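The values are calculated or read from the model by the stated rules, or taken from the named source; none is laboratory data. All of these numbers come straight from a predicted model, not from anything done at the bench. Note: ideal-geometry Cβ built from the backbone for every residue, glycine included; neighbour counts use all protein chains shown. For accessibility, only protein heavy atoms count, side chains too; no ligands or nucleic acids. Shrake-Rupley method; radii C 1.70, N 1.55, O 1.52, S 1.80 Å.
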Amino acid sequence: MKKMMKNLVVLLGFVAVLSLYPFTEIQAKNTDTIKPGIYAQDISLEGMNAEEAKAAIQAYVDALSPIEIVLLAADNNEVTCTAGDFGVSWSNPEIVQEASTLGRQGNIVQRYKALKDLEHENKVYPIELDFDITAINTILAEQCAKYDREAVDMSLVRKDGVFSTVAGKEGYFLDVETSIDTICEYLTDEWKRTACNIPLDITVVEPRGTEEELSKVGDVLGTFTTSYTTSGVSRSANVTNGCNLIDGTIVYPGDEFSTYEAVSPFSQSNGYYMAGSYLNGKVVDSLGGGICQVSTTLYNVVLLSELEVTQRYNHSMIVSYVKPSEDAAIAESSGKDLKFINNTEYPIYIEGSTTNKHITFTIYGVETRPEGRTVEYVSEVLEVMNPTGEAIYTDASQPIGYVSVTGAHIGYKARLWKVVKENGTEVSREIVNTSSYKMVPKSAVVGIATADPNAYNEIMAAIGTNSIDHVRNVAAILISGQTGVQPDTDASVAQ
């Protein structure tokens, strides 16, 4: 009985309260517009319907697009962007639904309480933002990463037989992935939605080498020379150019040196000329012809210095300036390269020079091999394949009378031995490489272009004999008395 009386008292009290806050007022305020005291960020949404509130908030977000955001890239470089460039967008549109139903949902007591709360304190919904990670990544990769700089290690120069050091330069590297996180976290958590600067995540790479370390470099680890006295002007120029591109190179411990990367590209702008080179068992003119003599000379000094050779290819046909298996070819078309690793504990310095049509490479470093220990390399021919017959090829683009002859090439199979001696006594012998060289018969390219059917039949009959000398004789007779016909030629030795 007492409990029933208590409930009745509470009910009467609630009715009394409602009498002070007329039901018509609550009902009047229970419209489909947003109640007073409701905000999105600093935007009052009072009296707006849901669509109007969405439009107001979107206008606020759109107004953020032109705000400048400066990205601080490597070496104090600045990249100016806008929030719009980062794809700024509104990420929590659900607040409009919440705002529009606040004070209008639930029973009369709940609605009453919500409205009374708004009279004492505003309800403020945060406008949360989102950004386009793909757009940020593109800006970083295309506009910021261009300020990255490779570190330049301390190096050496050798002049008049004396080494001197050259200071290095620190490098900069933009960490794109962590910089994306940095930008997004700042803009979503800390940004005041005004112009700002954002430092990017830059890794500083210190140059390698010290005065003390490089001052120890000075011992000759190996030196090797080859001759190109029979080469023409263009091939000689290519050998000199390739040598100069390698001269002065420092290779730090553990680093791999690529000859191809050092001497390429094979272009006129990089100092190369057209000269003979090997291609598919033939001698052809190409930019950089003769560059393989550079790599071959370097290969032999690398062997003498006992550095670790990681990639080496022999030529398709034998060369004349070193013994079989002592050569090293490089070719862009077939991916051939000469690579080696500095497997010593100190930097090495590669010196290259060309004098009187001789190319010499010398490798300097710190000699750690025992005194009295010597190394030499011995070429062993396993098989000789002498060329037989002759090969004749026709060229309809050249006139009758044109005969270009390429000499025969003996085929070889060979291997190279490394022989180590201590105080003159052999202590080890191991195979370094095994190489095979094509046998190629003497060949000729013969022009057959003519308007005279009789001349054409005669030159073709001569070609059918498969005798280059006979073809030459017939061609000479056919062009007797004619002018403007290109004379026959002999292709020079390539590579």
Scan (1) in contact (Cβ under 8 Å) with a residue 24 or more places away in the chain; (2) out of contact with any strand residue (DSSP E or B) (no Cβ under 8 Å at 6 or more places or on another chain) for the single condition Trp90 breaks and write down its number. (2)
If a residue must be more than 21 Å from Val381 (Cα to Cα), in a strand (DSSP E or B) and of a type in the set (S, T, N, Q), how many such residues does segment 394-433 contain? 6
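Looking at Lys421, Lys442, Lys413, Lys438 in this structure, which one is charged (D, E, K, R) and crowded, with 17+ Cβ neighbours inside 10 Å?
Details: Lys421 fails: crowded, with 17+ Cβ neighbours inside 10 Å; Lys442 fails: crowded, with 17+ Cβ neighbours inside 10 Å; Lys413 fails: crowded, with 17+ Cβ neighbours inside 10 Å.
Result: Lys438 is the single residue among Lys421, Lys442, Lys413, Lys438 that is charged (D, E, K, R) and crowded, with 17+ Cβ neighbours inside 10 Å.
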Which residues, taken from segment 110-145, are in a helix (DSSP H, G or I), open to solvent by 50 Å² or more (accessible area, probe 1.4 Å) and more than 30 Å from Tyr172 (Cβ to Cβ)? Gln110, Tyr112, Lys113, Lys116, Asp117, Glu119, His120
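Table: residues versus (1) at pLDDT 95 or above; (2) closer than 17 Å to Glu390 by Cα.
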site	(1), (2)
Glu422	yes, no
Asn433	yes, no
Met439	no, yes
Gly464	no, yes
Ala476	no, no
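Condition first: hydrophobic (A, V, I, L, M, F, W, C), more than 30 Å from Val157 (Cβ to Cβ) and open to solvent by less than 30 Å² (accessible area, probe 1.4 Å). Can you find one or more residues in segment 373-391 that meet it?
Yes, that holds for at least one residue.
Could you grab me the full set of residues in segment 224-237 that are in contact with a helix residue (DSSP H, G or I) (Cβ under 6 Å, 6 or more places away or on another chain) and of a type outside the set (Phe, Trp, Tyr)? Spell out how you get there, then give the answer.
To start, the set of residues in segment 224-237 that are in contact with a helix residue (DSSP H, G or I) (Cβ under 6 Å, 6 or more places away or on another chain) comprises 224, 226, 228.
Correct list: Thr226 only.
Return the residues of segment 320-340 that are part of a strand (DSSP E or B) and open to solvent by 40 Å² or more (accessible area, probe 1.4 Å); say none if nothing qualifies.
Going through segment 320-340, the residues part of a strand (DSSP E or B) turn out to be 331, 336, 339-340.
Across segment 320-340, the qualifying residues are Lys336, Lys339.
Looking only at segment 69-109, filter to residues that are of a type in the set (Val, Ile, Thr) and assigned to a helix (DSSP H, G or I); which one of those is most open to solvent (accessible area, probe 1.4 Å)?
If we take residues in segment 69-109 being of a type in the set (Val, Ile, Thr) and assigned to a helix (DSSP H, G or I), then Val109 is most open to solvent (accessible area, probe 1.4 Å).
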Looking at Gly276, is it modelled with pLDDT under 95 and either on the phi > 0 side of the Ramachandran plot or open to solvent by less than 30 Å² (accessible area, probe 1.4 Å) (or both)? yes
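Tally up the residues in segment 154-166 that are without any contact (Cβ under 8 Å) to a residue 40 or more places away in the chain and in a strand (DSSP E or B), please.
Here is the first cut: in segment 154-166, the ones without any contact (Cβ under 8 Å) to a residue 40 or more places away in the chain are 159-162, 164, 166.
Those left that are additionally in a strand (DSSP E or B): 159, 162, 164, 166.
Looking only at that region, the number is 4.
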Which count do you get for residues in segment 352-364 that are under 17 Å from Val162 (Cα atoms) and either surrounded by 20 or more Cβ atoms within 10 Å (Cβ to Cβ) or touching a Leu at 6+ places or on another chain (Cβ under 9 Å) (or both)? 5
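Inspect segment 446-454 for any residue being assigned to a helix (DSSP H, G or I) and either modelled with pLDDT of 95 or more or within 30 Å of Ile400 (Cβ to Cβ) (or both) and give the result as yes or no. Steps first, answer last, please.
First, pick out the residues of segment 446-454 that are assigned to a helix (DSSP H, G or I): 453-454.
If we keep only those that are either modelled with pLDDT of 95 or more or within 30 Å of Ile400 (Cβ to Cβ) (or both) as well, we get 453-454.
The answer is yes; a qualifying residue exists.
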For Pro66, are the conditions met, namely being open to solvent by 60 Å² or more (accessible area, probe 1.4 Å), in contact with a Ser or Thr (Cβ under 8 Å, 6 or more places away or on another chain) and not basic (Lys, Arg)? yes
Among Glu458, Glu426, Glu430, which is open to solvent by 70 Å² or more (accessible area, probe 1.4 Å), within 41 Å of the chain's Cα centre (by Cα) and free of Cβ contacts under 8 Å to residues at least 24 places away in the same chain? Glu430
Residue among Thr82, Thr31, Thr24 that is modelled with pLDDT of 95 or more and β-branched (Val, Ile, Thr): Thr82
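If I ask for residues that are more than 17 Å from Ile202 (Cα to Cα) and not small (Gly, Ala, Ser), which ones from segment 156-184 would you list? Spell out the reasoning first.
Initial filter on segment 156-184 (more than 17 Å from Ile202 (Cα to Cα)): 156-168.
Selection gives Leu156, Val157, Arg158, Lys159, Asp160, Val162, Phe163, Thr165, Val166.
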Is there a residue being in contact (Cβ under 8 Å) with a residue 24 or more places away in the chain and over 28 Å from Ile67 (Cα atoms) anywhere in segment 133-147? no
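Residue-wise test of (1) under 15 Å from Asp337 (Cβ atoms); (2) over 26 Å from the mean Cα position of the chain (by Cα).
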residue: Gly248; (1), (2): no, no
residue: Gly254; (1), (2): no, no
residue: Phe257; (1), (2): yes, no
residue: Ser267; (1), (2): no, no
residue: Ala275; (1), (2): no, yes
residue: Val294; (1), (2): yes, no
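Does Ile291 meet the test of being crowded, with 21+ Cβ neighbours inside 10 Å, in contact with a strand residue (DSSP E or B) (Cβ under 6 Å, 6 or more places away or on another chain) and in contact (Cβ under 8 Å) with a residue 12 or more places away in the chain? Give the derivation first.
Numbers: crowded, with 21+ Cβ neighbours inside 10 Å: yes; in contact with a strand residue (DSSP E or B) (Cβ under 6 Å, 6 or more places away or on another chain): no; in contact (Cβ under 8 Å) with a residue 12 or more places away in the chain: yes.
When the stated conditions are applied, Ile291 does not pass them.
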Could you list all residues from segment 370-404 that are of a type in the set (Ser, Thr, Tyr) and in contact with a Leu (Cβ under 9 Å, 6 or more places away or on another chain)? Tyr377, Ser379
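For segment 34-50, indicate whether the set of residues that are part of a helix (DSSP H, G or I), open to solvent by 60 Å² or more (accessible area, probe 1.4 Å) and either at pLDDT below 95 or within 30 Å of Asp85 (Cβ to Cβ) (or both) is non-empty. Working first, answer last.
At the first step, the residues of segment 34-50 found to be part of a helix (DSSP H, G or I) are 50.
Filter once more, so that each one left must be open to solvent by 60 Å² or more (accessible area, probe 1.4 Å): none.
No, segment 34-50 has no match at all.
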Show me the strands (runs of 3 or more DSSP E) found entirely inside segment 167-270 where at least 3 residues are farther than 17 Å from Val301 by Cα and either aromatic (Phe, Trp, Tyr) or open to solvent by less than 70 Å² (accessible area, probe 1.4 Å) (or both). 171-174, 202-205
If you go through segment 95-111 one residue at a time, do you hit one that is farther than 12 Å from Lys35 by Cα and among the charged types (D, E, K, R)? no
